[in-house]
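S.K.: Would you mind keeping the following structure in view while I ask a few things?
The values are calculated or read from the model by the stated rules, or taken from the named source; none is laboratory data. These figures come from a predicted structure and were not determined experimentally. Cβ coordinates were reconstructed from backbone atoms using ideal geometry, including for glycine residues, and neighbour counts include every protein chain displayed. Each accessible area value is taken on the protein alone, full model and side chains, heavy atoms only, with ligands, DNA and RNA left out. Shrake-Rupley method; radii C 1.70, N 1.55, O 1.52, S 1.80 Å.
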Amino acid sequence: PMAGGDGEPGLAGRSIHEVKDLGLAEQLYLYERTRRFKARKRVQMEDVRPLCEISDADVEERVDNPDSTVYLIFMEGSTRTRESLRNAAVYHGVKVNEFQAESSSFQKNETITDTVKMLSVYSTQRSVFIIRSALEGVCSWLRTAMGAHAQRMGVPNPSFVNAGDGLFTHPIGEFVDIFSLLEHRRWDRSAVHLALVGDLAHGRTAHSKVEGLKVFDKVRVDLVAPEIFEYPVEYRDRMRQAGFEVQEFSSVEDYLEKSKDIADVWYFYKPQFSKCGDLSSLRLNELRSQVSFREEWLPKLPKGVTFFQTLPRDKEHPIIPLSLDTLSINGWDTVAANAYFLDVVLLSMLFGKIGRDLAQPSMESSLLTGGEVGGPQLAFCASAELPYFIKEVALEKDAHLRNPERARAGGPVPISDGCVLDHLGLGPDSTKCWEALRKVRTILGWSKTVGSEGVYSSKGNPGFFKGILTLPGFDYKCLRVQEVKMMASVAPGCTFNCVNGSKVVAKYRLQVPERIDNLPNISCKNSLCVSHPKNRQREIVPYLERVPYYVSSVLPNCPECQHLYVCKWCRWPHIYENIWDDLRQRQ
């Protein structure tokens with residue numbers, strides 16, 4: 001099997017939104033090819049054991065195709081990342097277009113999707129889009145949305161590469177960091193000991209370390225940051241779940257005093273005070289002191305230690321003294337230089353020039369709703385298997401008859417034909433039942449359908465309430481899978497009763513779907529997400545995937561529940577109740 005987009009070889013047509021979008025074999029190929037490319041260009045051939053076998057070592061990296069294009073779309077300021085990528089693209093002999101957001105169609109209220117659709121057809125061969133954005137999830141959305149457009153227009157599937165999005169991740173920067181770590185360790189992947197120092201809360205490559213460091217067999221990470229800059233709990237937990245040994249310290253001084261084994265590589269992240277709210281001058285100085293290294297501490301470091309740091313640095317308040325620039329401890333200049341070599345190799349892979357034998361399958365999700373394939377299926381078709389979120393309930397012998405006494409007891413009036421939705425919003429709070437009733441009617445367009453609704457005490461669950469919606473004469477056999485999935489999304493756990501001749505002839509329980517998408521009153525609650533309503537990207541549908549519960553810094557004090565719903569585009573987690581918007585506020 002081939003891994004590229006549209007069944008193409010290697011990484012051709014693939015997109016990279018997160019580090020894990022490249023499998024381990026692909027990452028090792030990237031690092032080994034970069035090592036060899038750099039050695040040739042710097043005339044520094046090394047006699048070292050290769051990270052992996054390179055079956056196409058005789059194939060030159062240069063693409064040399066003027067009909068292919070690299071688009072540099074930087075909606076945030078950047079010098080080093082953009083210039084490294086621009087020079088790498090120029091090396092390949094392809095067209096290079098720098099798209100400046102401040103003077104572009106983005107200022108004319110054009111959406112990102114429309115802009116990329118336009119640009120993708122201006123080359124007859126493949127285009128690679130490098131995107132840096134303040135919005136999160138841009139590349140994830142575009143790789144899902146643009147495949148069909150490319151096929152329709154008769155151009156190769158474009159690649160989208162995340163060069164930093166919002167506060168989320170920066171996979172290109174992480175690949176450069178890991179390459180530099182491997183180089184420092186003489187290409188030994190057996191173990192690594194790394195100290196992450198400074199603003200770990202907002203550092204995109206700090207967040208990417210969770211996946212990037214997995215190329216090493218044994219990983220030890222020392223987190224050095226005061227509380228305001230601490231590493232988000234979800235990343236700490238994921239490190240520990242991956243088998244990393246993780247220790248935490250409140251400051252550089254605390255680390256040097258308490259750690260029994262100082263890391264041989266330190267990575268400093270510049271404080272981003274603009275994202276920390278209002279801070280007094282005294283507090284600013286205190287925080288800088290906690291994450292800055294002082295020259296007097298040099299004797300406390302192990303032999304051969306190397307420092308990396310995010311650039312550009314603050315010339316007024318450098319967290320590593322400028323006096324260390326000329327010492328062997330300076331590893332940050334090497335990291336900056338390595339970016340060019342890695343970018344050349346990565347672009348060559350994305351254009352399909354090298355790495356064509358790699359076969360790491362791409363797991364691209366479809367935007368089809370509800371898992372239905374081949375058009376709108378009927379939900380209750382006798383010849384088709386029920387979707388996973390619809391479970392048939394066995395009817396008891398006496399459960400077929402509708403009990404007329406319930407009408408006199410304040411229950412809903414029995415019907416002779418139609419359907420009854422029961423157990424809507426089941427729980428101790430009756431307002432949840434009314435909300436579920438309103439959502440079902442609004443989302444499925446049943447507000448003008450004749451019927452009755454109400455909230456009643458649950459006989460089977462003392463102290464609980466449930467909503468019941470009765471629709472006489474409703475032809476349930478015409479319901480499509482998508483419509484029933486909408487019901488399951490807004491009222492999971494409810495039962496759908498099919499009534500014919502005053503008898504319940506079939507009963508189904510609707511379970512929580514694995515994904516909830518493209519409904520009129522859901523949204524990702526991350527204001528930086530490309531799909532968030534305030535960002536006005538009208539084509540982007542909300543799409544939330546069910547995942548097992550995990551502790552997250554963006555859901556403080558969240559009680560443990562069975563599942564969370566994570567945005568497909570920006571990976572922001574939500575509890576089920578929070579994905580819904582209040583339709584009354586929109587109106």
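S.K.: Can you report the principal axis dimensions of segment 459-584 using only the alpha carbons, biggest first, rounded to whole angstrom?
M.R.: So the three principal-axis extents are 53, 37, 27 Å.
S.K.: Now a separate question. Rounded to the nearest 5, what % of DSSP beta bridges with both residues in the chain are antiparallel?
M.R.: The answer is about 50 percent antiparallel.
S.K.: So for Y388, Y235, what's the accessible-area order with a 1.4 Å probe, most first?
M.R.: In descending accessible area the options line up as Y388, Y235.
S.K.: Under a 1.4 angstrom probe, counting protein chains only, how are K303, K214, K258 ranked by accessible area, largest first?
M.R.: K303, K258, K214
S.K.: If I ignore ligands, DNA and RNA and count only protein heavy atoms, how much of C561 is accessible to a 1.4 Å probe, in Å² to the nearest 10?
M.R.: Approximately 50 Å² of C561 is accessible to the 1.4 Å probe.
S.K.: Over the chain, what percent of the accessible surface lies on carbon and sulfur atoms, probe 1.4 Å?
M.R.: 49 percent
S.K.: Taking Cβ-Cβ under 4.7 Å as the only way to count a partner, pick out the unpartnered cysteines of the chain.
M.R.: Here C52, C139, C276, C381, C419, C433, C478, C494, C498, C558, C561 come out as lacking a disulfide-compatible partner, given the Cβ-Cβ threshold of under 4.7 Å.
S.K.: Run through segment 517-587 and list the trypsin sites (Lys or Arg not before Pro) located in a DSSP loop whose Cβ has at most 11 other Cβ atoms within 10 Å.
M.R.: When the trypsin sites (Lys or Arg not before Pro) of segment 517-587 are filtered for loop state and at most 11 Cβ neighbours within 10 Å, R536, R538 remain.
S.K.: Also: Measure off 7 Å from each Cα along the Cα-to-Cβ vector at L444 and D278, then give the distance between these two points in nanometres to one decimal.
M.R.: A separation of 5.0 nm, rounded to one decimal place.
S.K.: Can you spot the lysines whose alpha carbon is less than 17 Å from K448's alpha carbon? Ignore those fewer than 8 places along the same chain.
M.R.: Partners found: K439.
S.K.: Accessible area per residue, 1.4 Å probe, Å², for the chain: what's the number?
M.R.: Spelled out: the 1.4 Å probe surface of the chain, per residue, equals 45 Å².
S.K.: Compute the length gained on full extension between D58 and N97: take 0.36 nm times their separation in residues and subtract their Cα-Cα distance, giving the result in nm to one decimal.
M.R.: Between D58 and N97, full extension yields 11.1 nm more.
S.K.: Can you list which of the DSSP-assigned H helices in the chain have a Cα extent of 30 Å or more along the long axis and an average Kyte-Doolittle score of at least -1.0?
M.R.: Within the chain not a single helix satisfies the rule.
S.K.: So if we plug the beta-carbon distance of K525 and R40 into 1/(1 + (r/R0)^6) with R0 = 41 Å, what FRET efficiency do we get, rounded to 0.05?
M.R.: Using R0 = 41 Å, I get an efficiency of 0.25.
S.K.: Mind checking which of L327, P302, V291 is farthest towards the positive end of segment 279-327's charge dipole, using Cβ charges of +1 (Lys, Arg) and -1 (Asp, Glu) about the Cα centre?
M.R.: Projecting each Cα onto the dipole axis, the largest value belongs to P302.
S.K.: What do you reckon, how do E83, E385 stack up by accessible area (1.4 Å probe), largest on top?
M.R.: Heavy-atom accessible area, descending, gives E385, E83.
S.K.: Label-point separation (nm) for Y549 and D114, each offset 7 Å from Cα along Cα-to-Cβ?
M.R.: Each label point is offset 7 Å from its Cα along the Cβ direction, giving 4.4 nm.
S.K.: Past 22 Å, Cα to Cα, is the threshold; run K38/K315; K391/K503; K432/K459; K38/K303; K20/K117; K20/K260 against it and keep the listed order.
M.R.: The pairs that break the limit, which is 22 Å between Cα atoms, are K38/K315; K38/K303; K20/K117; K20/K260.
S.K.: Debye sum, Cα scatterers, the chain, no solvent: what log₁₀ I/I(0) at q = 0.07, 0.09 1/Å?
M.R.: Values, matching the q order: -0.53, -0.81.
S.K.: Report relative contact order for the chain in percent, whole number only (criteria: Cα-Cα under 8 Å, sequence separation at least 6).
M.R.: 14 percent
S.K.: Determine the gain in length on full extension of the stretch A384-D67; use 0.36 nm per residue of separation and subtract their C-alpha separation, reporting nm with one decimal.
M.R.: 109.3 nm
S.K.: In the full protein assembly as shown, how much of Y549 is accessible to a 1.4 Å probe, in Å² to the nearest 10?
M.R.: Accessible area, nearest 10 Å²: 50 Å².
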